[in-house]
Amino acid sequence: MKIIRSLFLFMFSGLVGFVSMPISFFWLNIPFIQSVLIGIGIPAVTVFWMGGRFLWKRMRNVDPYREELAYVKYQLKEANKKVAAIGACRYKVRSLTAWMKIAKLHKLAKGIIKVVEEEPVRYREVQAFFTQHLPATVTLVDRYTFLLKQPVRSIELKESLREAELLLDEMAESSRQVLLDSLSNDMMSLEVERKMLKQSFEYQPSDSADLPENTNQ
């Protein structure tokens with residue numbers, strides 16, 4: 001409906017401009033050039049007015065939070081792809097130690113993503129994890145898995161694997177800290193609720209005080 005109404009308005013303004021040229025020239029005795037400019041100016045002003053009105057409505061209806069939410073959803077989608085890649089690497093190794101290290105990273109990353117999925121506003125708190133930490137983890141796990149599958153073992157390769165395993169442990173600890181930090185407010189709220197509930201039970205009047213004494217003894 002809006003498009004049809006805009007087209008009708010544009011066609012009407014064009015018709016008015018076309019009719020205004022001979023009226024201006026023959027009836028109002030306005031010079032020919034100026035009459036032509038009047039005829040062109042009426043639809044031109046109408047187009048500019050409709051365009052300005054459209055842009056003003058778009059700017060007024062812009063919702064920054066909606067745009068931020070769309071960005072967070074995109075980041076979550078990409079993060080889930082990366083976590084899926086980490087999870088797939090678990091089944092490419094034969095070492096139980098390597099499997100456990102990769103599985104730990106996978107579990108922690110899933111936990112952080114779950115927190116943001118439930119409350120997108122928390123993305124700001126863990127943005128570095130999504131933009132820096134997680135991509136680096138994917139790269140490290142992929143290279144570690146690739147080297148671990150090689151049929152040869154040299155001193156240099158063993159040293160590289162050992163350093164990679166240490167780095168995997170560091171990244172797991174870093175992910176663990178990120179998850180704990182993101183849950184700190186929840187833990188604090190739980191503690192406050194627990195204390196309030198405990199106090200309500202402590203100060204609750206005992207029901208036994210209202211019971212009559214047994215006089216049959």
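The numbers here are math on the coordinates, done by the rules we state, and not lab data. Computed from a prediction, not measured in an experiment: that's the story for all the values here. Cβ: placed from backbone, ideal geometry, glycine included. Neighbour counts: every protein chain shown.
Need the full-extension length gain, THR139 to ARG124, defined as separation in residues times 0.36 nm minus the C-alpha distance. One decimal, nm.
Numbers: separation 15, 0.36 × 15 = 5.40 nm, distance 2.34 nm.
So the chain would gain 3.1 nm between THR139 and ARG124.
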Query raised in the report: What does the highest-first list of 90-98, 133-141, 119-127 look like by mean Cβ count within 10 Å?
Result: 133-141, 119-127, 90-98
Query raised in the report: Label-point separation (nm) for LYS77 and ALA103, each offset 7 Å from Cα along Cα-to-Cβ?
Result: 3.2
Query raised in the report: Along the stretch 156-168, what does the Karplus equation 6.51 cos²θ - 1.76 cosθ + 1.60 (θ = phi - 60°) give for ³J(HN,Hα), rounded to whole Hz, x for Gly and Pro?
Result: 5, 5, 4, 5, 5, 5, 5, 5, 5, 5, 5, 5, 4
**Report entry** the stretch 132-151 residues near the modelled GLU165 label - backbone nitrogen below 19 Å, point 7 Å along Cα→Cβ
**Finding:** 140-151
